[in-house]
Amino acid sequence: MIGVLFVCTGNICRSPTAEGVLRAMVEREGMGGAFRIDSAGTYDGHAGEPPSGPAIAIAKKRGYDLTALRARPVTVEDIVAFDHVLGMDRTHLAALRKLAPKGLTGKPRLFLDTAPHLGLREVADPWMGDAADYERALDIIEAGCAALFEQLRASSLTA
Ligand code: 4NP
């Protein structure tokens with residue numbers, strides 16, 4: 001089982017979107033049982049809430065159902081337990097590094113460092129933005145998850 005945790009600030013826009021997108025990709029390939037996919041936030045102010053209205057609506061247009069997801073804060077146990085701990089921007093990477101026990105190699109990382117061909121390191125925060133900001137975030141998340149999935153699938157075949 002490969003564990004993947006996406007981390008953003010509120011866990012109501014970027015990271016639940018990435019969770020929904022990667023889960024859909026994995027399930028489309030019949031590999032749902034081989035992956036544990038989750039998301040969490042560095043800020044607990046939205047804990048218990050579903051993803052934001054525009055995040056749900058724009059994901060739904062592309063076939064992703066985010067309605068069952070609920071926000072939660074990231075914990076040190078998450079960082080230990082998940083194989084891949086992926087921050088959406090540098091603030092998340094810094095917060096995760098602060099929280100992480102010493103001596104963990106290779107995690108946490110920036111989500112988009114798994115997709116260097118995109119030429120981006122961060123998924124910009126769409127919170128309080130307009131629909132185009134959410135569309136752009138979803139475009140980047142879909143491209144990043146496609147690259148990530150290819151890498152994870154390759155590593156699961158050789159593991
Ligand atoms: P997310 O977006 O990190 O992509 O879920 C945000 C949601 C809420 C806040 C910031 C970013 N906030 O400050 O409440």
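The values are calculated or read from the model by the stated rules, or taken from the named source; none is laboratory data. Nothing here was measured: the structure is a model prediction, and the numbers come from that model. Every residue, glycine among them, receives a Cβ derived from its backbone with ideal geometry; neighbour counts consider all protein chains shown. Please note that ligands, DNA and RNA were not included when accessible areas were found on the heavy atoms of the full protein model with its side chains. Shrake-Rupley method; radii C 1.70, N 1.55, O 1.52, S 1.80 Å.
See the values below:
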quantity	calculated
Scope the stretch 91-100; condition more than 11 Å from C8 (Cα to Cα) and either surrounded by 20 or more Cβ atoms within 10 Å (Cβ to Cβ) or more than 15 Å from the ligand (Cβ to nearest atom) (or both); matching residues	R97, K98, L99, A100
Verdict on L112 being free of Cβ contacts under 8 Å to residues at least 24 places away in the same chain and among the hydrophobic types (A, V, I, L, M, F, W, C)	no
Checking G129 against (1) modelled with pLDDT of 95 or more; (2) more than 16 Å from the chain's Cα centre (by Cα); (3) assigned to a helix (DSSP H, G or I), the condition it does not meet	(3)
Qualifying residue in the stretch 90-98 (condition: under 15 Å from the mean Cα position of the chain (by Cα) and modelled with pLDDT under 95)	no
Complete set of residues in the stretch 134-159 that are among the aliphatic types (A, V, I, L, M), assigned to a helix (DSSP H, G or I) and either open to solvent by 60 Å² or more (accessible area, probe 1.4 Å) or farther than 20 Å from A34 by Cβ (or both)	A137, L138, I140, I141, A143, L157
Helices (runs of 4 or more DSSP H) lying entirely in the stretch 1-90 (those with 1 or more residues that are more than 13 Å from the ligand (Cβ to nearest atom), open to solvent by less than 30 Å² (accessible area, probe 1.4 Å) and closer than 20 Å to A131 by Cβ)	14-28
Condition check for E49: acidic (D, E) and under 16 Å from F149 (Cα atoms)	no
Residue in the stretch 94-115 that is assigned to a strand (DSSP E or B) and farther than 21 Å from F149 by Cβ present	no
Cross-chain or 6+ apart pairs with Cβ under 8 Å, the stretch 20-38 first and free of Cβ contacts under 8 Å to residues at least 12 places away in the same chain, then open to solvent by less than 20 Å² (accessible area, probe 1.4 Å) and not charged (D, E, K, R)	G32/V26
Selection count where residues are farther than 18 Å from S39 by Cα and either surrounded by fewer than 16 Cβ atoms within 10 Å (Cβ to Cβ) or at pLDDT below 95 (or both), scope the stretch 101-119	10
Which numbered condition A131 fails, given (1) away from the ligand (no atom under 13 Å from the Cβ); (2) without any contact (Cβ under 8 Å) to a residue 24 or more places away in the chain; (3) exposed (fewer than 14 other Cβ atoms within 10 Å of the Cβ)	(2)
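Quick grid of which residues meet (1) more than 15 Å from the chain's Cα centre (by Cα); (2) charged (D, E, K, R):
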site	(1), (2)
C13	no, no
E19	no, yes
E27	yes, yes
G33	yes, no
I37	no, no
H46	yes, no
G53	yes, no
L66	no, no
